[in-house]
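In what follows, a structure is listed as structure tokens, so that the remarks can point back to it.
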Amino acid sequence: MPSDAPHRESGAALLRSELWVLFRRRRTWALLLALAAIPILIAVAIRLSSSPSPGRGPAFLDQVSQNGLFVGVTALIVAIPLFLPLTIGVVAGDTIAGEASHGTLRYLLIAPSGRVRLLVVKYIGAAAFCFAAALTVVVAGTVIGALLFPVGPVILLSGTTIEVGEALVRFLAIAGYVMISLLGLSAIGLFISTITDVPVGAMAATISLAVAAQIVGALPQLEWLHPWLFSHYWLGFVDLLRDPVSWASFGDNALLQAGYIVVFGALAYGRFLTKDILS
Amino acid sequence: MTTIGDPDLAIETSGLTKRFGSQTAVNSIDLAVPRGSVFGFLGPNGSGKTTSIRMMLGLVAPSSGEVRVLGGEVPRHLPEVLPRVGALVEGPGFYPFLSGSANLRRLDSADRGAPSATRRARVDAALDRVGLSHAAGKKVGAYSLGMKQRLGIANALLVPRELLVLDEPTNGLDPQGTREVRHLIRTLTDGGTTVFVSSHLLAEIEQMCTHAAVMSVGGLVAQGTLDDLRRVGGSRIRLLTPDSELAIRVLARLGLESRAVPEPDAGYLVTASLARAAGAVAGAPPATPGDRPGALPVPEVIVAALVAEGIRVRGFSVQRASLEERFVALTGEGFDIAQ
């Protein structure tokens, strides 16, 4: 029965399947819809109220009524401290623990998927969700902004003006920045997900860490720690709205997130490779 | 401990042990599953069957001892071994929000040895084989336990396998489903597949298997062909006589320990075991037919001795112990879950 030359697929099938399962789930759509609701809520609220007094509320809020393109960026500023980490925590915390709770982890492993490959595929899936989440906020914000408000050239933080087309490109870059910002948290979620078979526990722990990091980040007494927090550059994406674009925070952020991926990826690897699968 | 690596064995373990903290779930088992056999892995709940299976499949690392599956050492050669093994471990596990066929495609995509080009066709064939074609598009969350169990078996059959490990395969199935699974296992073995079935149900093992091993409290207490296991249980004599006290004395002289219970119409039923000490084959190679207890008297000698003493023999028979008696003797009766 065994074939003489064992057939080997590239292994992309598992990744395709992972993305397909992730983005076919109703829960994933619910999370993305909740994220899309944030810019919609902001835009509708501004449209219905009289012009907001400048200087109050999140940055860019006062600009929205003049230029609908700012809805997406405003929504990101609102979403990044809690809503985005919440959805990332759900997806990243579910990676391994969710499979364990369904009883599918053992069947994936004896298929055999290989433990390292499964871990990598799971992380790529979580990263893909980070991108989808950031993109959802930006796209939903831009669309609702264009529908409810006038759209025109965007005045940057440096005072210069760019055309709508270039503004849209910068918004895409911002979505990329936010995605990268969330990769460290995803790696933490993946690691926590390997230590438990209870997905809700892993989700809650990941989300709690995201909140804790920001609380620590707000305490001046712990300033020496701030550059090491994965949330340190989360709001740095506004640097992409300068002229010329200031890439420094983008680079620092990418480096910091890469560090988190290495450390927590290694921890997840060490834990998962030797774990007794009893689920 | 012997060195292992017999090519005729599909599964071979040596001193296989798993401890969880201070608990020993599996205690130094030496299992030998011949290729081409239908091997029953029998034992009460909590006797260490599933943990042993998990070690064979590389899900759990042994605390000590060795496992070889299809000639490859586990866990070192798992990537070569596992594609040739189909398994159902501790019940089916599926994504409730996906359909039956989508679940199988998902799990199949994890196997790099399973060609993507034929995935749909193979999934359809496996579903057809377990009689689930009509429910292929239904979400697994809406499946009954029996349907999930069938889907789990279909998952083990997605590609041709040399070895199937089925942990309680008929769990949750109705009698019709149980018959179908039995039939399926028979057709698989006709194709040369070795089937390793665990069960706590003796009748199931007795109907399907050529070989069996019995687990009790983490240890292997017996293994061999079904005939070997029955033989080791030994036979019993059943004597119907009104002269019970005298009969017991005569039997004692012959070295047989017997007891009498009142029997309507015949006076008493006197029974005595012709077995050697229990557990003679525990972990040892199967006994050969010539290896019968020599010290005990043959039946005709017993009858002659009884008649010579003037005992009224109203009935005499020798009964081979049923596998069930053997099973109970090895694992103990009752509902206490081990540990």
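The values are calculated or read from the model by the stated rules, or taken from the named source; none is laboratory data. In this text the structure is predicted, and so the values were computed from the model without any measurement. Because the Cβ atoms are built from the backbone with ideal geometry, glycine has one as well, and the counts that use them run over all protein chains shown.
Computed quantities for the displayed model
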| read-out | value |
| --- | --- |
| Residue match in region B:39-46 (condition: within 21 Å of residue A:276 (Cα to Cα) and either crowded, with 17+ Cβ neighbours inside 10 Å or within 12 Å of chain A (Cβ to nearest Cβ) (or both)) | yes |
| Given (1) over 26 Å from residue B:139 (Cβ atoms); (2) in contact (Cβ under 8 Å) with a residue 60 or more places away in the chain; (3) of a type in the set (A, V, I, L, M, F, W, C), index of the condition residue B:61 fails | (2) |
| Residue A:14 more than 10 Å from every other protein chain (Cβ to nearest Cβ), buried (at least 16 other Cβ atoms within 10 Å of the Cβ) and modelled with pLDDT of 85 or more | no |
| Any pair with Cβ under 6 angstrom, 6 or more apart, that starts in region A:11-23 at a residue that is farther than 15 Å from residue A:126 by Cβ and ends at one that is at pLDDT below 95 and not small (Gly, Ala, Ser) | A:11/B:112 |
| Any hit, region B:75-89, residues being without any contact (Cβ under 8 Å) to a residue 12 or more places away in the chain and either of a type in the set (Ser, Thr, Tyr) or facing another protein chain (nearest Cβ under 10 Å) (or both) | yes |
| Tally, over region A:32-68, of residues that are under 21 Å from the mean Cα position of the chain (by Cα) and modelled with pLDDT under 90 | 2 |
| Residue B:32, sole failed condition from (1) free of Cβ contacts under 8 Å to residues at least 12 places away in the same chain; (2) of a type in the set (Gly, Ala, Ser); (3) within 20 Å of residue B:205 (Cβ to Cβ) | (1) |
| Looking only at region B:93-107, and only at residues there that are buried (at least 24 other Cβ atoms within 10 Å of the Cβ) and more than 7 Å from chain A (Cβ to nearest Cβ), the one that is farthest from residue B:54 (Cα to Cα) | B:100 |
| Qualifying residue in region A:20-28 (condition: buried (at least 18 other Cβ atoms within 10 Å of the Cβ) and either touching a strand residue (DSSP E or B) at 6+ places or on another chain (Cβ under 7 Å) or closer than 25 Å to residue A:211 by Cβ (or both)) | yes |
| Condition check for residue A:71: surrounded by 24 or more Cβ atoms within 10 Å (Cβ to Cβ) and either in contact (Cβ under 8 Å) with a residue 40 or more places away in the chain or under 23 Å from the mean Cα position of the chain (by Cα) (or both) | yes |
| Count of region B:190-204 residues which are surrounded by 14 or more Cβ atoms within 10 Å (Cβ to Cβ) and free of Cβ contacts under 8 Å to residues at least 12 places away in the same chain | 0 |
| Some residue of region B:177-188 being within 14 Å of chain A (Cβ to nearest Cβ) and small (Gly, Ala, Ser) | no |
| Residue among A:174, A:162 that is surrounded by fewer than 17 Cβ atoms within 10 Å (Cβ to Cβ), in contact (Cβ under 8 Å) with a residue 60 or more places away in the chain and over 18 Å from residue A:82 (Cβ atoms) | A:162 |
| Checking residue B:171 against (1) under 30 Å from residue B:18 (Cα atoms); (2) touching a strand residue (DSSP E or B) at 6+ places or on another chain (Cβ under 8 Å); (3) more than 8 Å from every other protein chain (Cβ to nearest Cβ); (4) at pLDDT below 95, the condition it does not meet | (2) |
